[in-house]
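Student: Take a look at the following structure, please.
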Amino acid sequence: MADLPYIQPSESAEVLGHRIQQSLQGILAGLDGRDTLSGPDMENLRRELRMVVQRERLQITAGVIDKAEQVLAYMLRPNIEECMNLWFGKSEQTDQEIWNRFGVDVALASKGHYDYWALDDEHPRLLVALAILLDQFPRNMYRGTPQMYACDPHCLALVQSGLRIGVSGRLRPLERVFLCLVLTHSEELDNQHLCMAEWDRAMKELASDDPLNAFHEIFHRHVAVIQRFGRFPHRNKILQRMNTEGEEQFLANNSFRFDLPLIRQANGAFVFTGTVKKRTVKLLDHEYQTLLPDTDETPHVAFELEYEGPDNVFTKTREQLEKQGYIRIGDHVPDVTAETSVGPINFHEFIGNSWCVLFSHPADFTPVCTTEFGATAKLKPEWSRRGVKVIGLSVDSAQDHARWIADINETQHTQVDFPIIADKDRRVSMLFGMLDATTFHHGATSLGATMTVRNVFIISPSKRVELILSYPASIGRNFNEILRVIDAMQISAQYQVATPANWQPGDDTVVLPFISDEEAERIFGNESGFRKVRSYLRYVRDPSLRSFLGSQAHAAPGAREGTN
């Protein structure tokens, strides 16, 4: 402990006495209206009194301030776009950086060694740095484990203490966000209301289009959840708490989301597009005045960042892998409504009476996927000739798809005009069993995600899955093979034949085993080239060539003699 940044007091007795008095007033304010104290309350009181008693020797040095500023510099990037992407984008690289750079400080802070940062009203940013160490960083370092919440009560008590002595009034809204996040992470409704009161004061300093306005909606959603359930159902699985029936329904309802209501301008900057007219909305049991525009104000707005839950727990990926469907050959495809690059579609309506090829991709703006979409677009005449509709799927947004399509068209010298499903929440991927368990990691670029494999589903007009091909993410598909198997399936469906190994259109086919020799000769005719090798192995010419060969026979007798 010799290296802890404590020094002997350098302040005058008068200044030190004033600061100690101010701290005691904050402690007394926290006791107002309480007749009794719970165990945790008593421990918090002891902690605060110890800090005051030790105040004379726990002074803030340049080294302490530098340590706190390093934490703040990591989380408070030069522009709000970088901040939002860091806070909500979540990546494995970010988590590892935090472990390497701040792991020791998180451990010391969790043991109380930095508690004195919370009551220094002369350096209010210290409380923000402490909140980051105890609230934000553990969520990066211990994802998917109960330890990500272990420091929450400790951090909450320190933030409450700092707020009582007025620390937040000397902070910018960007800094106050982190104090409010500590409050909104609490499962106590009083702390949710305290968060809203603090944030309402901070918002008075914000312009109407400031991206930080998004937190108004996020915090109100937290209030709604706690008011309804008294806890965050999103945490139940990781904390091994049983869901109630109501919580099960809530967790299964994708319409209740915590998306950040931000849009990206052409220059890449985030802005908050608020409502022109004030309106009151009800969310669960919670009524409040929303800042979000109504659909008639901005009917086509899509939010830039998606935020899956109060803590964005990355057990979501494992849950997806457990819940995803396993579509098999012969299964009826699910009828889904999905957002695509050409607008919303209903899958069954899209298929109609056509054959359909559905193919999935790991992500937009990736090299293999770009070449595959280019190849698909160039094969448009081949799809049309076979009566096939094609539709892609990628796990990015429709807006990303639109930007990517422009790149595909330019680099692949083609025109992509078929739809690409925007499956950012991997709902469709789960239904079709497209998620790859071997690529599981919590740092995927989309929230709660693992990689989708390169699946191909060939679907008949009856909405039945006729073929499934699965390629790993790094291997591009062979589209000649996809066309070949479509030809084979269409011939098989129409003429009751099967196709042997390495079959190509025009090659001999084989008779299905349940058809007798007599039936085969009757079905395929005397000119079918019926050839029996074994009782179970009988060849006939490609039936799709029959009309073509018949016309040749009339035009030029003997022209078919060389046909295999």
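The values are calculated or read from the model by the stated rules, or taken from the named source; none is laboratory data. This structure is a prediction, so every number in the text was calculated from the model and none was measured. When we count neighbours, we look across all protein chains shown, and the Cβ atoms used for this are built from the backbone with ideal geometry, even at glycine. The area values use the complete protein model at the heavy-atom level, side chains included, leaving out ligands, DNA and RNA. Shrake-Rupley method; radii C 1.70, N 1.55, O 1.52, S 1.80 Å.
Student: Cross-link partners among lysines for Lys278, C-alpha distance below 19 Å, same-chain residues fewer than 8 apart left out?
Tutor: By straight Cα distance, Lys278 reaches Lys204.
Student: A follow-up question, please. Cα gyration tensor of region 224-293, axes a ≥ b ≥ c as square roots of the eigenvalues: rounded (a/c below 1.5), prolate (a/b > b/c) or oblate?
Tutor: The shape class here is oblate.
Student: Right, something else. Do any GluC sites (Glu not before Pro) in region 149-198 lie in a DSSP loop with no more than 13 other beta carbon atoms within 10 Å, and if so, which?
Tutor: Sites meeting the loop and neighbour criteria: Glu188.
Student: What order, most packed first, do the peptides 159-166, 104-111, 369-376 have when packing is the mean number of other Cβ atoms within 10 Å of each residue?
Tutor: Averaged packing, sorted descending, gives the order 159-166, 369-376, 104-111.
Student: Also, quick follow-up: Heads up, I need the accessible area for His220: 1.4 angstrom probe, whole protein in place, Å², nearest 10.
Tutor: About 20 Å², rounded to the nearest 10.
Student: Tally Lys/Arg at +1 and Asp/Glu at -1 over every other residue whose Cβ is under 9 Å from the Cβ of Ala422; what's the total?
Tutor: With Lys, Arg at +1 and Asp, Glu at -1, the neighbours total -3.
Student: Using a Cα-Cα cut-off of under 27 Å, which lysines could be cross-linked to Lys380, ignoring same-chain neighbours fewer than 8 residues away?
Tutor: Cross-link targets: Lys389, Lys424, Lys463.
Student: Carbon and sulfur together cover what percent of the accessible area of region 72-196 at a 1.4 Å probe radius?
Tutor: In region 72-196, the share of accessible area belonging to carbon and sulfur is 51 percent.
Student: Here is a further query. Sort Met242, Met430 by heavy-atom solvent-accessible area, probe 1.4 angstrom, most to least.
Tutor: Met242, Met430
Student: Same structure, new question: With all protein chains present and a 1.4 Å probe, how do Asp121, Asp285 order by accessible area, largest first?
Tutor: Ranking Asp121, Asp285 by accessible area, largest first, yields Asp285, Asp121.
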